[in-house]
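One structure below.
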Amino acid sequence: MRFAFRFLFPVVLLVAVFALVFNVPSPQKVAAQQPTGVIPTVTSTPTGPFITVSYAEQINIRSGPSSYIYPAIGVLLPNETAPAIGRSPGGDWIQIRYPGIPGGIGWVYAPLVLLSPGANLPPVDAPPTPTPITTPTIDPTLAARFITQVPPTRLPTFTPPGPLSIPTYENISAQAGGVPMGLVIAILALIGGFGSLISFLRGR
């Protein structure tokens with residue numbers, strides 16, 4: 001009897017475990033709810049006149065239509081666009097909208113950008129010239145250190161030259177007894193030539 005109990009107990013336990021495993025309900029898959037509406041898409045198309053940067057590098061946006069008077073307040077990259085508002089009276093500068101600065105308006109140089117086809121911009125007057133924050137002043141004490149004082153010099157005095165002495169030459173023809181010097185030289189040359197001829201003939 002004890003042997004039969006030892007043999008049946010593991011069998012009964014194994015059957016009970018199998019029954020519990022196979023009777024557990026399997027989880028059901030729940031499908032996620034799919035949206036049934038249409039998701040709107042936002043497309044931005046520029047309205048009105050606009051400019052496109054045609055320069056190969058970034059360009060400056062200035063507070064007025066001048067690169068010497070008005071400071072730079074921002075930049076535009078190549079192929080970047082911006083709404084155009086107006087032109088300077090000469091047409092060299094274009095006024096654009098540039099958010100992020102006081103007033104939201106700037107100016108770009110017209111040869112560096114392309115205006116949208118058919119754009120007709122009204123002329124716009126230049127804004128007031130900006131006043132410098134500080135006025136440069138020169139300290140006279142500091143400037144005096146760099147200024148060299150040149151002492152006055154006496155002007156050169158003019159000393160008149162001495163009397164001009166002209167050398168005089170004696171008349172050689174008068175010393176030779178009135179005979180011209182050219183004639184004396186010719187006679188001597190003739191005598192020398194005659195003597196050379198005689199020497200040559202004797203040598204032969």
Residue that is under 30 Å from P65 (Cα atoms), modelled with pLDDT of 75 or more and not β-branched (V, I, T), where the choices are P130, P136, P140, P160: P130
Number of the condition not met by L164 [criteria: (1) under 30 Å from V53 (Cα atoms); (2) in a loop (DSSP other than H, G, I, E, B)]: (1)
Residues within segment 37-79 that are modelled with pLDDT of 90 or more, farther than 18 Å from G91 by Cα and among the hydrophobic types (A, V, I, L, M, F, W, C), tallied: 6
Sole exception among (1) out of contact with any strand residue (DSSP E or B) (no Cβ under 6 Å at 6 or more places or on another chain); (2) surrounded by 10 or more Cβ atoms within 10 Å (Cβ to Cβ) for L114, by number: (1)
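Residues checked against (1) at pLDDT 80 or above; (2) in contact with a strand residue (DSSP E or B) (Cβ under 7 Å, 6 or more places away or on another chain); (3) among the hydrophobic types (A, V, I, L, M, F, W, C); (4) closer than 30 Å to G91 by Cβ:
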{"residue": "L121", "(1), (2), (3), (4)": "yes, yes, yes, yes"}
{"residue": "A174", "(1), (2), (3), (4)": "no, no, yes, no"}
{"residue": "I191", "(1), (2), (3), (4)": "yes, no, yes, no"}
{"residue": "F200", "(1), (2), (3), (4)": "no, no, yes, no"}
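The values are calculated or read from the model by the stated rules, or taken from the named source; none is laboratory data. Keep in mind the model is a prediction, meaning the values are calculated, not measured. Here Cβ is always computed from backbone atoms with ideal geometry, including for glycine, and neighbour counts include all displayed protein chains.
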